[in-house]
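Derivation of every value follows stated rules applied to the coordinates shown; laboratory data play no part. Fair warning: this is a prediction, and the values are worked out from it, not measured in the lab. Neighbour counts are summed over all protein chains in view; Cβ atoms, including those assigned to glycine, are modelled from backbone coordinates with ideal geometry.
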């Protein structure tokens, strides 16, 4: 019923579709396998497992009523109300204001130090910070390296966050 020309086109279409489907399935499996891996800072012993929680979780400062939600390993944090940004390493927020400073990038330098790049939710200001972990005191220090001043809104006025902000794990 089909002539030779339509049979040839049909077979090419089937082969192309099958090849595209196989590539799609293989790439999805590879992506799923790689996204489940969480980078460790050393060997796979019990110490490395406890170290993998250092740069993951919520940090708070009660004096300024601010917090950081982060996962610098998987970088899979969504900013509430701003899901359009996708998954990020984390964000800096305040209990007194809905405005946040998303982390646009972050990298773990060691078990004691990480660097983060923050931008305000309008995109008009940004800064580079270092997060330092004190294992002995179980505290963190957010230190502004360069860029804009970190600010939050309190009673419709901006309040500047100090250049060195102590934080603790919640």
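Over the C-alpha atoms of the range 76-170, the Rg to Rh ratio, Rh being the Kirkwood estimate, stands at 0.95. The modelled label-to-label distance for the pair residue 113/residue 58, using points 7 Å beyond Cα in the direction of Cβ, is 3.0 nm.
Could you tell me the relative contact order of the range 51-169? Use alpha-carbon pairs under 8 Å, at least six residues apart, and round to a whole percent. If you can, show how the numbers build up before the last one.
Numbers: 271 pairs, mean separation 22.1, N = 119.
Relative CO of the range 51-169 lands at 19 percent.
Here the simple spin-label model places points 7 Å from the Cα toward Cβ, and for residue 78 and residue 95 these points are separated by 2.6 nm.
Using 0.36 nm per residue and subtracting the Cα-Cα separation, the extra length available between residue 122 and residue 156 on full extension is 10.6 nm.
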